[in-house]
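Reading through the C-alpha cells given below for one structure.
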C-alpha cells in the first residue's frame with residue numbers, strides 16, 4: 001500500500017508524472033502491475049491530448065476562416081463589398 005501511495009503522489013506532480021510514467025512503463029525493473037498502470041496512464045494521456053487537439057481544431061477552425069487574410073475571409077469581404085455597393 002505504501003508503494004502505491006508514493007506512486008500516486010509522484011503521478012500528481014506535473015512534470016515528474018510524465019518522467020516517472022515513462023520510467024515505470026519502459027524501464028523494465030518495476031512491478032508488473034505498476035508497469036501496466038503506467039502504460040495505461042500514458043495511453044489515456046495520449047487519448048486526452050488527441051481529443052483536445054480535435055476539439056480545439058473544431059472550435060478554432062471557423063474562427064481562423066473568418067480572418068481577413070484567409071482565402072475564405074477575402075471572398076467574404078468581396079461579397080460584402082458587392083452587396084453594399086449594389087444597395
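Tell me, please, whether a residue that is surrounded by 11 or more Cβ atoms within 10 Å (Cβ to Cβ), at pLDDT 90 or above and under 30 Å from residue 16 (Cβ atoms) can be found in segment 43-51. Yes, that holds for at least one residue. Which of the residues belonging to segment 10-32 are part of a helix (DSSP H, G or I) and exposed (fewer than 12 other Cβ atoms within 10 Å of the Cβ)? Those that are part of a helix (DSSP H, G or I) and exposed (fewer than 12 other Cβ atoms within 10 Å of the Cβ): 12, 14, 15, 19, 32.
Taking the conditions (1) at positive phi; (2) at pLDDT below 80 in turn, residue 76 satisfies each one other than (1). Find all pairs meeting these conditions: Cβ atoms under 6 angstrom apart; at least six residues apart or on different chains; first residue within segment 16-44 and closer than 18 Å to residue 2 by Cβ; second residue outside any helix (DSSP H, G or I) and at pLDDT below 90. Cβ pairs passing all conditions: 24/30.
The values are calculated or read from the model by the stated rules, or taken from the named source; none is laboratory data. For clarity, every value in this text was computed on a predicted model and none was experimentally measured. Cβ atoms come from the backbone with ideal geometry, glycine included; neighbour counts cover every protein chain shown.
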